[in-house]
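For reference, the structure is listed below as structure tokens.
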Amino acid sequence: MTQVTLTVNGKSVSRDVPDTMLLSEFLREELRLTGTHVGCDTSQCGACVVHLDGRAVKSCTALAVAHSGSAVTTIEGLASGKTLHPMQEAFNEHHGLQCGFCTTGMIMTGVDMVNRYKAAGKALTPEAIRKELEGNICRCTGYHNIVKAIEDAATRMDGMAQAAE
Amino acid sequence: MTVHKPRPHDAAPLHVAGAARYVDDIPLPANTLHLAFGLSTVARGRVVSMDLSAVRAAPGVALVLTWRDLPGHNDVSPYPLFREPMLAEDEVFYLGMPLFLVAADSHLAARKAARLAKVEYEELPALLTLDDAIAADARFEEGPRIYGRGDLAEGFGAATHIVEGSFEVGGQEHFYLEGMVAAALPQEGGDMIVHASSQHPTEIQHKVAEALHRSMNAVRVEVRRMGGGFGGKESQGNALACACAVVADRTGRSAKMRYDRDDDMMITGKRHDFRIVYRAGCDAEGRITAVEFTQYCRCGWSPDLSLPVADRAMLHADNAYFIPNIRITSHRMITHTQSNTAFRGFGGPQGMVGIERVLDHLAHAVGRDPVEVRRLNYYAAPAGADPATPQPGAAHRFGGAHSPKDWLPQPQTTPYGQEVEDFLLHEMTEALLTSSDYAARRAAIAEWNAANPLLKRGIAFSPVKFGISFTLTHLNQAGALVHVYQDGSIHLNHGGTEMGQGLFQKVAQVAADRFGVPLETVKITATDTAKVPNTSATAASSGTDLNGMAVKAACDEIRDRLARFVAERQQADAATVRFADGRVHVGTESFPFAEVIRDAWMARVSLSSTGFYATPKIVWDRIRGQGRPFYYFAYGAAVTEVVIDTLTGENRILRADILHDCGASLNPALDIGQIEGGYVQGAGWLTTEELVWDQSGRLRTHAPSTYKIPACSDRPPVFNVALWEAANREDTIYRSKAVGEPPLMLGISALLALSDAVAACGDGSVYPALDAPATAERVLWAVRRVRGGA
Ligand code: FES
Ligand code: FES
């Protein structure tokens, strides 16, 4: 057992957990933040993506203890109060989901992608979105509306402060 | 009106916030046990000894069970005539078969402990491939099923071209993004509540009751949603639910089981792979005179749902074509591998890709554009259709018993005797070929190919005609339960399950429309065997057709009571009472819906009703292969363009154009989503998704690292999807059509387009005969073959 201290969605949390505990388990089991899903258990489907110190990571292959001291944002921490994040709004409005199991990971990946492209001053084209989503599998939608949602959210996020997280 | 509108998925706001709850997210008591199966490591053998002491001693382990410890039936089969043990009884039939059950205080502890068993087997010869099974004549049912009509000898005698071939069609892993999961909570008096990620709550209830040796009324199963199902959660979830219930019953603690993804892929069945041997003849223009199919269907070790799957493959061996002389022979072969199961299309796709291959091969033999040969062989358009519409097939056929007797166009019949009454594909094909600019692009591609030695493009069209209804006729029934509370809010329940397809939203749209209230007034609730009993699986695309009608019946019952109440009070005729705009209209007056409800409650009017629906018109004899198995057909058509690299076989889909028939769509947004997702899944099945077993029977592609599911970059960059909006001629719910499965088969056009690109590599004399999935390797080999190199 090792003590892990993380800032999760803006709140500091501390738990004694086994060294083998995955970040995804820490979030789901210890903190009951079940919006982070586990699809493949092996770092390939992207259902478990969260932001670790502002970067998208697959929480099913990160050990909680290895990241003690870091800041984590999960899907539950993306909205500000009752106001959805523009990426969440866009997925809702563009029918960017069916079963919804990939959705939270897609949204977290989408936000990270838009932030990175904006920071680098690069245009996030539909082709770029398609490439960037390589690590996120959706078995239901055929991706069409997911790409549309991210494209639209990128525009909506123009006005947002970069340092939102 | 709340129907025929593009409403978003009802749970979308929850999904985007991460607040939609799946089974694994349900809070359970702190002392919940987590389960894992110990799996067989050989494909076939007798268990000589099984030492579980290390498993029992592993940290966190509370309980280890073998089949001898089970209190009730050790049977999770959906097929009543075959026992499929949840835990192997001294003999194993596939590598990955559950042998024992571990319950521990965490998911990881259970999985780790499950690896510590020392099992000795006496290995027995295993049948792993179709060739093995055919050589051993290992099959389900006493012999092959044979459907057909006409006279093959006469048909082949009349042919000017005859083609033959053998076509391998691979299986497919479902890869529902949420893996298999179930949880059981013990109740007083031995009752059990089960939460399952399942398309078939009633079967879970039935199997859990048997496993506990109790009656069905002791078990309640709830399914709020699945993270995808695709048929994979029709029968394969039984084992998890039974395991949880047995442990919960024995320990008094709640129990949860979630297959790790690797376990999921090792344990559960997949889409059936097929070998389709064909011989087909046509006249000089390409008009089919005879087709003979032999379908070898690989079932795996147990029948599961294989027999109806294989039946449906036979029933789609005609697809959209009138074939005067045809014989379909279907062998259901046994191998010692995972038991293949339902997968979106349920055998239909395999049957359909077989005949599409034949059409393609015949077109090559005749030397015509495959689209022209397809249209030439289409079923006749229905009587009364626009006379300007060409009606090939109706005018000229052989003088046999199946030719129209007089000049009036009679509906043609399928090989199994069902009349094709609403054949829409003539018009749909014309519209799609125009909108996709097929002819011009085909010419442009030929020019491009002539100028490009390394990359070659291909384009293909394929149609879909898919039969809607369960072929087991008694399954075509559904129930619903509707309550209106005294504040005017509505509680809606039915037997269908939600797996992302938007069923709940469509059915809520129906309820809101019946009462003329906004959609928000209707609360959609989890599928629950205690509310609606004896349901069928949400499968065969029939979820909305069946449950929508049952909900309508329940709503209309309450509506009639309200109408009588209001009419009596206002001294009006009940028939004139209308429900619209959130109000109840009678004569020149109208009252808010909620006010009428409160008044009706005060006047002691019952505000709750069940509803029931049974699909009319269907009769089917599966042994003779005759009747009307389907209430109606759903249609679709696709044009796909691809490019291949002739040096590596690598390939890309460049563009797809789709026109699909959903009748009068209840919700165009949800339907288009099903079409896009179905196409990509179907194209994945036939191109990149390859299942590989090694010589020991071990599935080598048991994770997405080795099993290639279409990623975002694989979907066509140009993707045009449109609905063919025409009301269903049958009296379905608001004249809509089912949409779950049919679009998957639009992906067949991707395989045909690859074949077209391969054909462009040679001089055109060799038919590419591309097997599926058309992986890069297979494309490369086919390129060599048409160039005469292999
Ligand atoms: S669960 Fe982490 S990538 Fe799939
Ligand atoms: S919506 Fe089901 S996996 Fe993406």
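The values are calculated or read from the model by the stated rules, or taken from the named source; none is laboratory data. The structure displayed is predicted, hence computed values, not measured ones. Here Cβ is always computed from backbone atoms with ideal geometry, including for glycine, and neighbour counts include all displayed protein chains. Surface accessibility is based on the protein's heavy atoms, side chains included, excluding ligands, DNA and RNA. Shrake-Rupley method; radii C 1.70, N 1.55, O 1.52, S 1.80 Å.
Structure data summary
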{"read-out": "Qualifying positions in the stretch A:85-133 - under 28 Å from residue B:668 (Cα atoms), without any contact (Cβ under 8 Å) to a residue 12 or more places away in the chain and facing chain B (nearest Cβ under 7 Å)", "value": "A:92, A:100"}
{"read-out": "Residue count for the stretch A:7-56, restricted to those that are part of a loop (DSSP other than H, G, I, E, B) and within 9 Å of chain B (Cβ to nearest Cβ)", "value": "18"}
{"read-out": "Residue count, the stretch B:607-649 (criterion: within 30 Å of residue B:446 (Cβ to Cβ) and surrounded by 20 or more Cβ atoms within 10 Å (Cβ to Cβ))", "value": "12"}
{"read-out": "Scope the stretch A:49-76; condition open to solvent by less than 40 Å² (accessible area, probe 1.4 Å), more than 16 Å from residue A:9 (Cβ to Cβ) and within 16 Å of ligand 2 (Cβ to nearest atom); matching residues", "value": "A:60"}
{"read-out": "Near pairs, Cβ below 6 angstrom, 6+ apart or cross-chain, from the stretch B:341-354 (among the basic types (Lys, Arg)) to any residue that is surrounded by 24 or more Cβ atoms within 10 Å (Cβ to Cβ)", "value": "B:344/B:230; B:344/B:231; B:344/B:741; B:344/B:744"}
{"read-out": "Tabulated pairs, the stretch B:691-712, first away from chain A (no Cβ under 14 Å), second among the basic types (Lys, Arg), C-beta under 6 angstrom, 6+ apart or interchain", "value": "B:692/B:700; B:694/B:700"}
{"read-out": "Failed item, numbered, when residue A:70 is tested on (1) touching a Leu at 6+ places or on another chain (Cβ under 8 Å); (2) within 28 Å of residue B:226 (Cα to Cα)", "value": "(2)"}
{"read-out": "All positions within the stretch B:431-452 that are in contact (Cβ under 8 Å) with a residue 12 or more places away in the chain and open to solvent by 70 Å² or more (accessible area, probe 1.4 Å)", "value": "B:435"}
{"read-out": "Residue match in the stretch B:193-202 (condition: free of Cβ contacts under 8 Å to residues at least 60 places away in the same chain and more than 14 Å from every other protein chain (Cβ to nearest Cβ))", "value": "yes"}
{"read-out": "Complete set of residues in the stretch B:1-40 that are at positive phi, open to solvent by less than 40 Å² (accessible area, probe 1.4 Å) and modelled with pLDDT under 95", "value": "none"}
{"read-out": "Hits in the stretch A:6-48 - residues which are within 16 Å of ligand 2 (Cβ to nearest atom), open to solvent by less than 10 Å² (accessible area, probe 1.4 Å) and in contact with a Ser or Thr (Cβ under 9 Å, 6 or more places away or on another chain)", "value": "A:35, A:36, A:37, A:40, A:46, A:47, A:48"}
{"read-out": "Candidate set: the stretch A:134-151, residues that are in contact (Cβ under 8 Å) with a residue 24 or more places away in the chain and facing chain B (nearest Cβ under 8 Å); chosen: the one farthest from ligand 1 (Cβ to nearest atom)", "value": "A:145"}
{"read-out": "Members of the stretch B:111-124 that are open to solvent by less than 100 Å² (accessible area, probe 1.4 Å) and more than 27 Å from residue B:256 (Cβ to Cβ)", "value": "B:121, B:122, B:124"}
{"read-out": "Sole exception among (1) part of a helix (DSSP H, G or I); (2) in contact (Cβ under 8 Å) with a residue 60 or more places away in the chain for residue B:535, by number", "value": "(1)"}
{"read-out": "Any hit, the stretch B:269-285, residues being within 14 Å of chain A (Cβ to nearest Cβ) and open to solvent by 10 Å² or more (accessible area, probe 1.4 Å)", "value": "no"}
{"read-out": "Any hit, the stretch B:571-583, residues being open to solvent by less than 50 Å² (accessible area, probe 1.4 Å), in a strand (DSSP E or B) and under 14 Å from residue B:517 (Cβ atoms)", "value": "yes"}
{"read-out": "Selected residue (only one of A:47, A:62 is in the same structural domain as residue A:7 (by TED's automatic domain parsing) and closer than 24 Å to residue B:710 by Cβ)", "value": "A:47"}
{"read-out": "Those strands (runs of 3 or more DSSP E) lying entirely in the stretch B:12-76 with at least 3 residues within 14 Å of chain A (Cβ to nearest Cβ), under 25 Å from residue B:198 (Cβ atoms) and in contact with a His (Cβ under 8 Å, 6 or more places away or on another chain)", "value": "none"}
{"read-out": "Those residues of the stretch B:188-228 which are in a helix (DSSP H, G or I), open to solvent by 30 Å² or more (accessible area, probe 1.4 Å) and of a type in the set (A, V, I, L, M), in sequence order", "value": "B:216"}
{"read-out": "Sole exception among (1) assigned to a helix (DSSP H, G or I); (2) open to solvent by 10 Å² or more (accessible area, probe 1.4 Å) for residue B:141, by number", "value": "(1)"}
{"read-out": "Answer from B:111, B:149, B:115 - the residue that is closer than 29 Å to residue B:752 by Cα and over 27 Å from the mean Cα position of the chain (by Cα)", "value": "B:149"}
{"read-out": "Leading residue by the ranking (least open to solvent (accessible area, probe 1.4 Å)) among those in the stretch A:104-152 that are more than 16 Å from ligand 2 (Cβ to nearest atom) and of a type in the set (Gly, Ala, Ser)", "value": "A:128"}
{"read-out": "Scan of the stretch B:229-259 for residues that are open to solvent by 20 Å² or more (accessible area, probe 1.4 Å) and among the small types (Gly, Ala, Ser), ordered by number", "value": "B:252"}
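Residue-wise test of (1) over 14 Å from the mean Cα position of the chain (by Cα); (2) modelled with pLDDT of 95 or more; (3) among the acidic types (Asp, Glu).
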site: A:21; (1), (2), (3): yes, yes, no
site: A:27; (1), (2), (3): no, yes, no
site: A:32; (1), (2), (3): yes, yes, no
site: A:38; (1), (2), (3): no, yes, no
site: A:46; (1), (2), (3): no, yes, no
site: A:50; (1), (2), (3): no, yes, no
site: A:53; (1), (2), (3): no, yes, yes
site: A:57; (1), (2), (3): no, yes, no
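Per-residue answers, yes or no, for (1) of a type in the set (D, E, K, R); (2) touching a Lys or Arg at 6+ places or on another chain (Cβ under 8 Å); (3) open to solvent by 10 Å² or more (accessible area, probe 1.4 Å); (4) away from chain A (no Cβ under 14 Å):
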position	(1), (2), (3), (4)
B:487	yes, yes, yes, yes
B:506	yes, no, yes, no
B:529	no, yes, yes, yes
B:534	no, no, yes, yes
